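Single-structure report; data block below.
The values are calculated or read from the model by the stated rules, or taken from the named source; none is laboratory data. On a predicted model such as this, the values are computed, not experimentally measured, just so you know. Cβ placement follows ideal geometry from the backbone for every residue including glycine, while neighbour counts extend to all protein chains displayed. Just so you know, the surface numbers come from the protein's heavy atoms only, side chains and all, with ligands and any DNA or RNA stripped out. Shrake-Rupley method; radii C 1.70, N 1.55, O 1.52, S 1.80 Å.
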Amino acid sequence: MRTEVKADLMMLGATMLWASSYLFTKVGLQSLETFNLIALRLLIAFLLSALVFHKRVRSASWSTVSSAFVLGSILFLCFVFITFGVRSTSASNAGFLVGLSVIFVPILSILFLKKRPEARLLLCIGLAIVGIGLLTLTSSLTINQGDIYCLLGSLLFAVHMLVTGSAVKQGDAIALGVLQLGFAGLWALSFSFLMETPKLPDTFDAWTSILGLSVLCSAVAFVLQASVQKYASPTRAALIFGMEPLFAAIFAFVFAGETLTSRGYVGAALLLLSVFLAQTDVKKLLDGKRLAVKKHRPVSK
């Protein structure tokens, strides 16, 4: 099998694992409190990742450690908002709303890095706003509190992406990724001791949730992503990772029986379209396909 195909399959696997996290979180919250759940997820993921990449973690520079602390703090806030959001909204809604982080990244770049907005981005923002309205607004034109939390979590993920982009230029990306899980987990554990009564899972479903979140959705997905970074083209990676909300909705339907209203399906479709357009230069993609067809077209005699 070609390396590119293997990379695509590994990225698809990571995307499906991330998409399952909303359902695992919903199951875990039935018996564990919010900070307790986040702490267990992140600390187990940190220990597993640190075991795999122990040499990189031990040789991390002080600048990498300090950057990981900043990133871990932001990541902790991301998980707090999303986990509180999943408590009071559907897993499918959470998947679609958190997927909007790819829209927020260029918006934040315009606001803080003074980049000029592209017409394509303005179209994506418009589609996303309409999609959010159709997916989340009730008949009384109010939005569920859980949906608001998920949107805030998505915005923080966008901030996390921008800060990560700057941090990886100055240190070891693998060590940075592993250490940030540890710092985020320690934040969650601290808040759990302050505001909750932390405990280990005491049911089969709770253990399944925690191990699914920590081992599959965090540690394994992280290793898969790190393994294919140098082999995956940005366009293909964007297209595959952009399928996360769709997989989240499929898992929620198959395993939890969640469905959307007809209006919700239209809103979800618009959100997916906005994410696709935000990550993909359609004109360049079409030009590349035309070039490939022309290159392989047999010459007529």
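Here are the numbers for the structure shown:
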read-out	value
Lysine-lysine proximity count for region 3-295, Cα under 25 Å, sequence distance 8 or more or distinct chains	21
Carbon and sulfur %, accessible surface of the chain computed with the full protein complex present, 1.4 Å	69
Estimated 222 nm signal from helices in the chain, with DSSP H stretches of n ≥ 4 weighted -39500 (n - 2.57), rounded to 500	-25500 deg cm²/dmol
Segments 150-162, 193-205 sorted - mean Cβ within 10 Å per residue, highest first	150-162, 193-205
Residue-normalised accessible area of the chain, expressed per residue, 1.4 Å probe, Å²	53
Kyte-Doolittle mean at least 0.0 and Cα axial length at least 15 Å: DSSP H helices in the chain	3-28, 34-52, 62-87, 101-113, 119-136, 145-167, 173-195, 244-256, 262-279
FRET efficiency, 1/(1 + (r/R0)^6) with R0 45 Å, evaluated for THR259 and PHE69 via beta carbons	0.60
Part-to-part distance (alpha-carbon centres) for region 150-166 and region 82-96, which is given in Å	17
